[in-house]
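Data block below; observations after.
The values are calculated or read from the model by the stated rules, or taken from the named source; none is laboratory data. Remember, predicted model here, so these are calculated numbers, not experimental data. Cβ placement follows ideal geometry from the backbone for every residue including glycine, while neighbour counts extend to all protein chains displayed. Surface accessibility is based on the protein's heavy atoms, side chains included, excluding ligands, DNA and RNA. Shrake-Rupley method; radii C 1.70, N 1.55, O 1.52, S 1.80 Å.
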Amino acid sequence: MVDDTTDTQASEDLLVGLSRDEVAERVADGRVNTNTDVRTKSVGRILAEHTFTFFNAVNLAMACLVALTQQWRNMLFVGVVLANIAIGVFQEIRAKRMVDRLTILTLRPVTVIRAAQRVGVSATELVIDDLVCLSHGDQIPADSIVVRGNVTVNESLLTGESKPVAKGPGSELLSGSFIDSGNLVARVVRVGPEGYAARISTEAKYVKPVRSEILSTLDAIIRLATMGLVPLGAGLFLRTLLMDSSTVNGAILASVAAVIGMIPQGLVLLTSSVLAIATTRLAMRKVLVQQSYCVETLARVDTLCLDKTGTITTGGMEVARVTDASLAPDGGDVARALATIAHATADDANETARAILAYADERDAVAEGSSRVIPFTSARKYSGCVTTGGRALVMGAAQFVLGDGYAAVARSLASFDELERVLVVCEVDGFAEDFSMTGEPRLLGFVAIRDRIRDTAPETMRYFVEQGVELRVISGDDPRTVSAIAARAGVPDADLCVDASTLDTDEKVHEASRRYRVFGRVTPQQKRELVRALHAEGRVVAMTGDGVNDVLALREADCSVSMASGSAAARNVSEIVLADNDFVHMPEVVAEGRRSINNLQRSASLFLVKTVYTAALALICIIVPPYPFIPIQMSLLSGAIIGIPSFVLALEPNHDRVRGVFIANVLSHSLPASLSIVASLCAALVFGRTLGLSFAETSTVCLILNFVVGFALVWRISQPLTPMRVALLAVMVAFVATGCTVLADFYRIVPLTTTMGMLVIILGAISVLFFNRAYDWSLANYEHNGVFSKIVFYLEDRK
């Protein structure tokens, strides 16, 4: 906010700035404003993260072994690996490009004075000692010192403090903040990573581990299976080759079939697919998901930390009320005066002026024309105009406008809400050449301005409270202001607030995290420490924010959410970006996560069935050979009782709360089926030897028995039956029937003989009866399955 444009231009004419040689010298020394922000991942890094994984390495080794046999049909499982890579890479690159596009849209050229000339340059081309010209709405590109001009600056993205700060000659400007009103010339004093915003961002430049129970479980299963597949695979290979007179190729195929069954490729692909579908659905609602597993994390969140500015509030202002001098509701005279002043100063409109313009438009207040404009400055603390009719109107802070008459209205001002910033509207005799008022100001009325709370905030808060999520509001503003705004937004226990400037030790921060719900005057480092304190309490924490001051906490949180209108640093370190800056989408993200996780848990039980029974069967077949399947037959079984039903069930609507531990939920459903399959296959192998069945006949009986138990499991987890689930069961039967008849030669399946048919009927009936009894017992004793969770946690600690 400057005295006037003419005076500013005259001041700039006295400034020469750097010469071309001086700029070149600084560029050569590296004193350039580069490397100032946290960047999104490169495409190469994304490809590497999805390609060079332990899961892919194991499958590649198996594919190489099958390739040695030249039995290419048995390499069908490689398609699952490639599909998984493609889905993950596509989803993450798409999110990266969308976020990068948001960053590009916020870039603006900077006007500098060099060799006494105004020139436009990129912010990354600024050098130390450059003179930058900034005006209302410009973002400060580098830490600077004001040389000419008086302005107010919005530093909320850096400090969380939403109240504009007055700056004049000699004042420091921090990169990342915005000029709220006025214009100035400033000298750059710090560039690149030395700047305030860059230093905060640098602390966040570490690889944030993915916090996902599903991912941890998959990792643990794959590692556990890998620990067993080497000795089991080697033992089965040697047993088949040396004691069963098998060929090398036959021994390799039998061993790979057992090993592949132990690695849940389909579950990894299903998880990637379901989460990719979830992120696609959310993208259609203007929610950009940069890390797909965060959808799961947010669904498990029990504590949500909210930034006030930009999350609960819009970041803008609104007119709370307008009264006349007696505090009675305005009859229209004050609104017309406000409209006249706001329209006259519209070229330099700050948030307050924009709120008044919006109010005047809503009230259809007709503005008078103006013959002279009095711009706002941080020194005068008022603005005004002279109308074409000769009236001199002024609006501003009561102390500065009324002077000695302030005491007479002090009681009236005290009657306004503490959240409201009150301005007085007066008429004066006129204005002098230096814009000072002449004559005694005559009070027309009051206008109260306050932060605009998002219309959807109360509804969103109510949703999270109903879902059992505790809310914390963390802000750089005064704690009393934050508390009052949080209460208006519907945050429970908003009166439990604390001034974080009094929390001078980590111990006090940890104690406050348990006791309070609203935190004011919080530094970026304290925000991070609050998240760490909540983690120490065993909580799953989500954090929302839009500024550089939020970056450290966003990186620390289990799931971080930022607004597209916020700083590039905040967007780039967040897992979720709200492209339309509307917090109302958060319940949609939670609902999408719940649908994905609950359905994944149900479908995952199908995959774990194969993993468990394959490992057990491989161990048994080392002692009692042969292993009854070849890889292509495992593909048929996987498609029928795992692939088709899992994808159908995983995409059904499901908004139940996520309960229990993922691995315990899954194993409580899958173990009964695994045990039933192992028992039935062992019986089939024994009877096959006793009755003199060939390997192909025994293999066919085992395949059908495997499908019967798998069908029984899908039947149980599909309850209650719906038309779609009945159709799913029919497709499963048709799929296997086609494989056993039309495609029998491809899958190496032989027609059923009478002996084989009797075996299938008797063993199948016993297996289904055993499965149902075991399944009922497992569900009834579900709470005792915590041992499975301990296995996962143990493996995680060993990594």
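Observations on the structure shown:
- Hits in segment 604-627 (condition: polar (S, T, N, Q) and either free of Cβ contacts under 8 Å to residues at least 24 places away in the same chain or in contact with a Pro (Cβ under 8 Å, 6 or more places away or on another chain) (or both)): T611
- Output for segment 230-255, where each listed residue is open to solvent by 60 Å² or more (accessible area, probe 1.4 Å), farther than 30 Å from T217 by Cα and either modelled with pLDDT of 70 or more or assigned to a helix (DSSP H, G or I) (or both): L238, L242, M243, T247, V248, N249
- Tallying residues that are more than 22 Å from E537 (Cβ to Cβ) and either open to solvent by 30 Å² or more (accessible area, probe 1.4 Å) or outside any strand (DSSP E or B) (or both) within segment 437-465 yields 19.
- Only a single criterion out of (1) part of a loop (DSSP other than H, G, I, E, B); (2) under 30 Å from the mean Cα position of the chain (by Cα) is not satisfied by D129, namely (2).
- When S596 is tested against (1) within 21 Å of R94 (Cβ to Cβ); (2) surrounded by fewer than 24 Cβ atoms within 10 Å (Cβ to Cβ), just one condition goes unmet, and that condition is (2).
- All of F662, F695, F707 fail the test of being at pLDDT below 90 and closer than 20 Å to P264 by Cβ, apart from F662.
- For S483, the test of being touching a Gly at 6+ places or on another chain (Cβ under 9 Å), under 18 Å from K308 (Cβ atoms) and surrounded by fewer than 17 Cβ atoms within 10 Å (Cβ to Cβ) is failed.
- Per the listing S383, S370, the residue uniquely open to solvent by 20 Å² or more (accessible area, probe 1.4 Å), over 40 Å from the mean Cα position of the chain (by Cα) and in contact (Cβ under 8 Å) with a residue 24 or more places away in the chain is S370.
- All of D417, D455, D477, D429 fail the test of being under 22 Å from A489 (Cα atoms) and free of Cβ contacts under 8 Å to residues at least 40 places away in the same chain, apart from D455.
- Total residues in segment 492-502, condition open to solvent by 20 Å² or more (accessible area, probe 1.4 Å) and either part of a loop (DSSP other than H, G, I, E, B) or touching a Ser or Thr at 6+ places or on another chain (Cβ under 7 Å) (or both): 5
- Looking only at segment 686-703, and only at residues there that are of a type in the set (A, V, I, L, M) and surrounded by fewer than 22 Cβ atoms within 10 Å (Cβ to Cβ), the one that is nearest to T753 (Cα to Cα): L693
- Among the conditions (1) open to solvent by 30 Å² or more (accessible area, probe 1.4 Å); (2) free of Cβ contacts under 8 Å to residues at least 24 places away in the same chain, the only one that A512 does not satisfy is (1).
- When E25 is tested against (1) modelled with pLDDT of 80 or more; (2) not in a helix (DSSP H, G or I), only condition (2) is not met.
- The single condition from (1) open to solvent by 30 Å² or more (accessible area, probe 1.4 Å); (2) aliphatic (A, V, I, L, M); (3) modelled with pLDDT under 85 that A328 fails is (3).
- Here G405 fulfils each of the conditions (1) among the small types (G, A, S); (2) touching a residue at least 12 places away in the same chain (Cβ under 8 Å); (3) part of a loop (DSSP other than H, G, I, E, B) apart from (3).
- Condition check for T323: farther than 30 Å from S171 by Cβ, part of a strand (DSSP E or B) and open to solvent by less than 20 Å² (accessible area, probe 1.4 Å): yes
Residues checked against (1) open to solvent by 60 Å² or more (accessible area, probe 1.4 Å); (2) modelled with pLDDT of 90 or more:
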residue: S718; (1), (2): no, no
residue: L729; (1), (2): no, yes
residue: A734; (1), (2): no, yes
residue: D745; (1), (2): yes, no
residue: G757; (1), (2): no, yes
residue: W777; (1), (2): yes, no
residue: L795; (1), (2): no, no
residue: K799; (1), (2): yes, no
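- Once segment 555-609 is narrowed to residues that are part of a loop (DSSP other than H, G, I, E, B) and of a type in the set (A, V, I, L, M), the residue that is modelled with the lowest pLDDT is A564.
- Candidates A220, A225, A258, filtered to the one that is closer than 21 Å to L606 by Cβ, in contact with a helix residue (DSSP H, G or I) (Cβ under 7 Å, 6 or more places away or on another chain) and modelled with pLDDT of 75 or more: A220
- Checking A360, A342, A355 one by one, the residue that is out of contact with any helix residue (DSSP H, G or I) (no Cβ under 7 Å at 6 or more places or on another chain), open to solvent by less than 40 Å² (accessible area, probe 1.4 Å) and either closer than 14 Å to V447 by Cα or part of a loop (DSSP other than H, G, I, E, B) (or both) is A355 and no other.
- Just so you know, in segment 125-170 the residues that are more than 30 Å from V473 (Cβ to Cβ) and of a type in the set (S, T, Y) include one that is modelled with the lowest pLDDT, and it is S135.
- Scanning segment 312-329 for residues that are touching a helix residue (DSSP H, G or I) at 6+ places or on another chain (Cβ under 9 Å) and touching a residue at least 24 places away in the same chain (Cβ under 8 Å) turns up I312, T313, G315, G316, M317, E318, V319, V322, T323, D324, A325, L327.
- Scope segment 273-291; condition more than 25 Å from A536 (Cα to Cα) and either part of a strand (DSSP E or B) or open to solvent by 20 Å² or more (accessible area, probe 1.4 Å) (or both); matching residues: I277, T280, R281, A283, M284, R285, K286, V287, L288, V289, Q290
- Residues that are farther than 15 Å from Q290 by Cβ and either in contact with a Leu (Cβ under 6 Å, 6 or more places away or on another chain) or open to solvent by 10 Å² or more (accessible area, probe 1.4 Å) (or both), drawn from segment 546-584: D546, G547, V548, N549, E556, S565, S567, D580, N581, D582, V584
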